[in-house]
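Have a look at the structure below before the remarks.
Since every read-out is calculated from the coordinates, none of them should be taken as a lab result. Treat the numbers as computed from the prediction; the structure is a model and nothing was measured. Ideal geometry is used to build each Cβ from the backbone, glycine not excepted, and the neighbour counts take in all protein chains shown.
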Amino acid sequence: GYNVKYDDENRIVTISDGSTNIKLIIGDRYITVNDEAIEMDTEARLINDRTYIPIRFVAEALGYTVNYSAPITGWTINENGEIVLI
């Protein structure tokens with residue numbers, strides 16, 4: 001249900017659902033959520049013509065809870081207590 005766009009010329013990823021607007025610039029350590037800049041510990045990257053975004057920051061900006069489980073080396077993304085992505 002999200003609108004995702006990539007501006008190749010400016011290397012900007014935008015994600016929107018109408019109420020939340022997210023912007024990431026390739027190589028930048030900031031994510032902009034509804035015009036508020038938040039510093040990340042990583043950056044969006046372009047590798048072999050593929051765009052990789054830091055999923056934790058994007059998911060949390062969209063209101064999800066993200067957990068990492070070291071024993072199984074995996075991630076879960078939760079919405080309202082229910083796992084929506086493993």
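Judged by the ratio a/c of the largest to the smallest principal axis of the C-alpha gyration tensor, the range 21-69 counts as oblate, that ratio being 1.5 or greater while a/b is no larger than b/c. The length gained by stretching the chain between Tyr30 and Thr42 to full extension, at 0.36 nm per residue less their Cα-Cα distance, is 3.5 nm.
Within 12 Å, Cβ to Cβ, of Pro54, how many net charges do the neighbouring residues add up to if Lys/Arg are +1 and Asp/Glu are -1?
Counting the neighbours of Pro54, the net charge comes to -2.
Electrostatic tally near Ala37: other residues with Cβ closer than 14 Å to its Cβ, Lys and Arg +1, Asp and Glu -1, net -3.
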